Amino acid sequence: MMANAILFIFFPTALQQIGLYLVFVKMKKHTTTSIKDSRVAVVGSGIAGLSAAIRAAVAGAEVHVYEQNSYTGGKVTAFQKDGFRFDAGPSLFTLPNLVDDLFKLAGENPRDYFNYHVHNTVCNYFWRDGTRFSMYPQLEKNIDVISKNFSSLEASRVADYFSDAAKKYNLTSPYFLENSLHKPSTFMTLEVLKVLRAIPSLGLFSSLDEENKKYFKDPKLVQLFNRYATYNGSSPFLTPGIMQMITHLEHGLGTYLPKGGMHEISQSLTRLALKLGVEFHLGHKVEKLNSVQNKMVGIQVNGIEHPCDTIFVNSDVKHAYSHLLSPELKRPKKTLKQEPSSSALIFYWGINGSFPQLDLHNIFFSDNYEKEFEAIQHNGAFWEDPTVYVNITSKLEDTDAPKGHENWFVMINVPSNQGQPWDEIIPKVKNSILQRLTQELGVDIKPLILTEELLDPRSIERKTSSVGGALYGTSSNDRMAAFLRHPNKKSGVHGLYFCGGSAHPGGGVPLCLLSGKIATDWWLEDDE
């Protein structure tokens, strides 16, 4: 009885889907077009869209990618200004094997297209009271660091913490990140029983903050590990404790930087797609997805319909339902009502100077983390004492800044765009950031800024069609959030699949790569 109860709580739709699946297997008729005759349209050329396009091309389909911008990559883009190069979007790179997998799938050597630095420092951390230290992807180093900066008791808990994070990741990832949560076959394996038995220890019924406090007493250490909630645009005081597993990506599996910057992820995949015959239509904004009797038949661009039998939507789910899909199609009401993830306010600064105390990744923590996240969630004064993230790729890529200079990507977490007075907020944010960095680094930063660009929730929304500029689509501020993300296939509609940050399994480069894989795998299974 207990196992059945837990199954219903943890997998709210699984039992219903298994029943439907058994009926479906008996009734299914083969009505799909063969892959070789398929004409596939991919809406959006973000990381997930590129992943789907490459996999569909390898399968033998004719693939067309439609992108509203003049460049590929979605949020993974870059720009140059006054001799400085900046990655405009994501700055953290983990699980490079997921990129390599696409080249191997196409029969290519990944190293002929894509290479990266292995970085041995995870992040540098700064607090106002003068506490500073770095963390690493090596357990022994981290224990030593914690011993020197905190009590030996705190250090003794580090190994257990990372071991538990690895356990959570290794136990759940193969089933709930690398496979669909919306397919009965995912749950119909004996291996899933291992996950069921482990549910009480997965942290599903506590917050990440509560989970971290089980291990650490010092507020700084709790704050350090709470920060991983921001990797999916959530609050550590609301997101479930299972998100502890995110720490394993950095501390267990390592951090990297592509040679040429993060932008090289999207550009190397674009080059591979072109070699496979994928046709890109840049500057072509999709206006409508056309269907007849719940079967996709084409897309509309500039008033002209382009026929296709399969569509992969690499666009924000809320945008797709509001602007692209027929109003006659059933809406996933619970999914569309989900709380949006946080957004970001990013300053790109070309700095006249070099700071040896900074590394590739740097975090300057706020004094009151809980107050900061409450302000973000409720549109409060999040600019008064924000946690500041500084990414400097010129630490590893010499050509990203002139000699003796650095390219700073300076970011704080902010709410998604809901009509806030951003033109009033932005100067306040900038002033808070400058005061904090000047205090920590002992140098007046403002006169060192030689060039500047800005990205805010409004421009993120405009460039990527992410509603409100939410970086990860929806937040994970609920233990059922993973199950409420949009499935990778639209139920009841033939030929319509979803991939990207607002679909399963979520946002960020690794998950978007997996999203493209899950969607195309489902498409291939449907063809069979």
Next item on the list: Give the long-range amide H neighbours of Ile299: residues separated by 5 or more places, or on another chain, with amide H under 5 Å away, using H modelled in the peptide plane at 1.01 Å from N.
Entry: Asn290, His306, Cys308
Notebook entry, point to check: Carbon and sulfur: what percent of the chain's accessible surface (1.4 Å probe)?
Noted result: 53 percent
Next item on the list: Please give the contour-minus-distance gain from Lys334 to Ser147: 0.36 nm per residue of separation, less the Cα-Cα distance, rounded to one decimal in nm.
Entry: 62.7 nm
Notebook entry, point to check: What number in nm² do you get for the range 414-496 if you take the convex hull of its Cα atoms and divide its surface by four?
Noted result: 9.0 nm²
Note to self: On C-alpha positions alone, give me the angle between the axis of helix 14-27 and the longest principal axis of the chain, in degrees, nearest 10.
What the structure shows: 30 degrees
Next item on the list: Can you send over the solvent-accessible area of Phe79, 1.4 Å probe, protein chains only, in Å² to the nearest 10?
Entry: 50 Å²
Note to self: Taking amide H atoms as placed 1.01 Å from N in the peptide plane, list the residues 5 or more away in sequence, or in a different chain, whose amide H sits under 5 Å from that of Val63.
What the structure shows: Val40, Glu279
Notebook entry, point to check: Helix 139-149: angle to the longest alpha-carbon principal axis of the chain, degrees 0 to 90, nearest 10?
Noted result: 40 degrees
Margin query: Apply the Karplus curve 6.51 cos²θ - 1.76 cosθ + 1.60, θ = phi - 60°, to the phi angles in the range 361-372 and return the couplings in whole Hz, x for Gly and Pro.
Written below: 10, 9, 10, 10, 6, 6, 6, 10, 5, 5, 5, 4
Notebook entry, point to check: To the nearest 20 debye, what charge dipole does the chain have about its Cα centre, counting +1 at the Cβ of each Lys and Arg and -1 at the Cβ of each Asp and Glu?
Noted result: 1240 debye
Next item on the list: Whole number in Å², please: accessible area per residue of the chain, 1.4 Å probe, ligands, DNA and RNA not counted.
Entry: 41 Å²
Margin query: Just to check I understand the Karplus step: with θ = phi - 60° and J = 6.51 cos²θ - 1.76 cosθ + 1.60, what whole-Hz values come out for the range 426-436, glycine and proline as x?
Written below: 4, x, 5, 4, 4, 5, 4, 5, 4, 4, 5
Item checked: Other-chain or far-sequence residues with amide H under 5 Å of His486's (modelled H) -> His504
Next item on the list: Find the Rg to Rh ratio for the chain, where Rh is the Kirkwood radius over alpha-carbon pairs and Rg uses the same atoms.
Entry: 0.96
Next item on the list: Report ³J(HN,Hα) in whole Hz for each residue of the range 63-78, in order, from the Karplus equation J = 6.51 cos²θ - 1.76 cosθ + 1.60 where θ = phi - 60°; Gly and Pro get x.
Entry: 10, 10, 10, 10, 10, 5, 8, 8, 9, 9, x, x, 6, 8, 10, 8
Next item on the list: Averaging sequence separations of C-alpha pairs under 8 Å and six or more residues apart, then dividing by the length of the chain, give the relative contact order as a whole percent.
Entry: 23 percent
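The values are calculated or read from the model by the stated rules, or taken from the named source; none is laboratory data. The structure presented is a predicted model; accordingly, all values stated were derived computationally and were not measured. We place every Cβ from the backbone using ideal geometry, glycine too, and count neighbours over all the protein chains shown. For accessibility, only protein heavy atoms count, side chains too; no ligands or nucleic acids. Shrake-Rupley method; radii C 1.70, N 1.55, O 1.52, S 1.80 Å.
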